[in-house]
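Here's the structure we're looking at; comments come further down.
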Amino acid sequence: MAAQSLPHVVFGTERGEIEVEVDTIRAPITGKNFLRYVEGGFFTNGSFFRVVRPDNQPNDSIRIDVIQGGQSREPRRQGFPPIELERTAVTGITHVDGAISMARGGVSSATSSFFICLGPQPSLDYGGMRNPDGQGFAAFGRVVRGLDVARRIQAEAANGQNLVTPVLILDARRTQ
């Protein structure tokens, strides 16, 4: 399938734009869920609020490098029900540098919060042990422009893994 046929979403942030390609072919459940949050305006006035990097994971034996974002926390709008986990072993979309994926607690608990990988993160794939259940996370696309913006966000001041000042998502829009 040609890359042009996959939807693109641009996050306009206070630090610049991040454009992602959403793979609705190989990850249809996750991709379509993400797009309905974009199209419903849930991420506008949301933020990138969490950064995970080597210096802020002292108690984690398996370390990762990601930034996490999502919808505005106050007032938080009612979203959609959690989706089924599309495992990387099924989709073939792995947590490479620039991958975008859904945050989750338990299996099939993802709703709207997402993260962007900075560097390869195989411990987030199916069989990886960042989440003790070994089921991994649902990667559903990749950054095609603005990975430098994501890296700058990750380097900002944090209190633990929470950004001291979250980076506002001014708008999130589908461009194709």
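The values are calculated or read from the model by the stated rules, or taken from the named source; none is laboratory data. Note that this is a predicted model, so its numbers are computed, not measured. Note that we place each Cβ from the backbone using ideal geometry, even for glycine, and neighbour counts take in every protein chain shown. Calculation scope for accessible area: heavy atoms of the full protein, side chains included, ligands and nucleic acids excluded. Shrake-Rupley method; radii C 1.70, N 1.55, O 1.52, S 1.80 Å.
A cut-off under 12 angstrom between Cβ atoms defines the neighbours of R130, and their net charge, with Lys, Arg +1 and Asp, Glu -1, is -2. Semi-axes of the equivalent ellipsoid of region 78-133 are 19, 13, 10 Å, computed as sqrt(5λ) over the eigenvalues of the C-alpha gyration tensor in descending order.
Taking GluC sites (Glu not before Pro) as exposed when DSSP calls them loop and at most 14 other C-beta atoms lie within 10 angstrom, the chain has its longest site-free stretch at 85-176. Using the Cα coordinates of region 1-98, the gyration tensor eigenvalues translate into equivalent-ellipsoid semi-axes of 22, 20, 15 Å, sorted from longest to shortest.
Over the chain, dividing the summed -39,500 (n - 2.57) contributions of all DSSP H runs of at least 4 residues by the number of residues returns a 222 nm mean residue ellipticity of -3500 deg cm²/dmol. Calculated on C-alpha atoms, the gyration radius of region 85-176 divided by its Kirkwood radius gives an Rg/Rh of 0.97.
Residues in region 169-176 carry Karplus couplings, in order, of 8, 5, 7, 10, 9, 7, 10, 7 Hz; the curve used is 6.51 cos²θ - 1.76 cosθ + 1.60 with θ = phi - 60°, and Gly or Pro positions show x.
Solvent-accessible area of region 1-115 (1.4 angstrom probe, protein heavy atoms only): carbon and sulfur portion equals 51 percent.
Shape analysis of region 39-95 based on the Cα gyration tensor places the equivalent ellipsoid semi-axes at 25, 20, 10 Å, largest first. 3J(HN,Hα) along region 82-87: x, 10, 5, 6, 8, 5 Hz, from the Karplus curve 6.51 cos²θ - 1.76 cosθ + 1.60 with θ = phi - 60°, whole Hz, x for Gly and Pro.
Stretched out straight at 0.36 nm per residue, the stretch from R174 to N162 would grow longer than its current Cα-Cα span by 1.6 nm.
Solvent exposure of region 73-176, expressed per residue, is 49 Å² of accessible area, with all protein chains present and a 1.4 angstrom probe.
Charge dipole (Cα centre; +1 on Lys/Arg Cβ, -1 on Asp/Glu Cβ; no other charges) of region 38-161 amounts to roughly 200 debye. With θ taken as phi - 60° and the Karplus curve 6.51 cos²θ - 1.76 cosθ + 1.60 applied, the whole-hertz 3J(HN,Hα) list for region 126-143 is 3, x, x, 10, 4, 9, x, 6, x, 7, x, 10, 8, 5, 9, x, 8, 6 Hz, x standing for glycine and proline. Close amide-amide hydrogen proximity is noted between D65 and L118, each under 5 Å apart and 5 or more residues distant or on a separate chain (H modeled in the peptide plane; Pro and chain starts excluded).
Under conditions of 25 °C and 0.890 mPa s, the chain yields 154 µm² s⁻¹ as its translational diffusion coefficient, taking Rh as the Kirkwood radius over Cα pairs in the Stokes-Einstein equation.
Note on the chain: GNM, Cα springs under 10 Å; of F115, F80, F48, the largest mean-square fluctuation is that of F80.
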